[in-house]
């Protein structure tokens, strides 16, 4: 499978006492980490697994969206 780069958001969760990273284009694809960097690293694995399952299930795989530039 060709690697794709999906935009992500990272935020601190008081409830979980850690950081959550979400791939905004992949429904339900998120990961947890004690640091923002760890959450993003875990998200890389989560995205790979999400795409693998979607491919096996013949589900639609969205193209990565373009996030608006900050400025």
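Observations on the model:
- Note on residue 60 and residue 32: the model spin-label points, each 7 Å out from Cα along the C-beta direction, lie 3.1 nm apart.
- Segment 8-56: translational diffusion in µm²/s, Stokes-Einstein, Kirkwood Rh over Cα pairs, 25 °C, 0.890 mPa s: 230 µm²/s
- Burial ordering of 22, 56, 41, fewest other beta-carbon atoms within 10 Å first: 56, 41, 22
- Segment 8-56 - percent relative contact order, Cα under 8 Å, separation 6 or more: 28 percent
- Those residues of segment 18-60 whose amide nitrogen sits under 16 Å from the label point placed on residue 10, 7 Å along Cα→Cβ: 18-24, 30-47
Laboratory data are not the source of any read-out in this text; all were calculated from the coordinates shown. As the structure is a prediction and not an experimental result, all values here were calculated from the model. Reconstructed Cβ throughout: ideal geometry from the backbone, glycine too, with neighbour counts over all protein chains shown.
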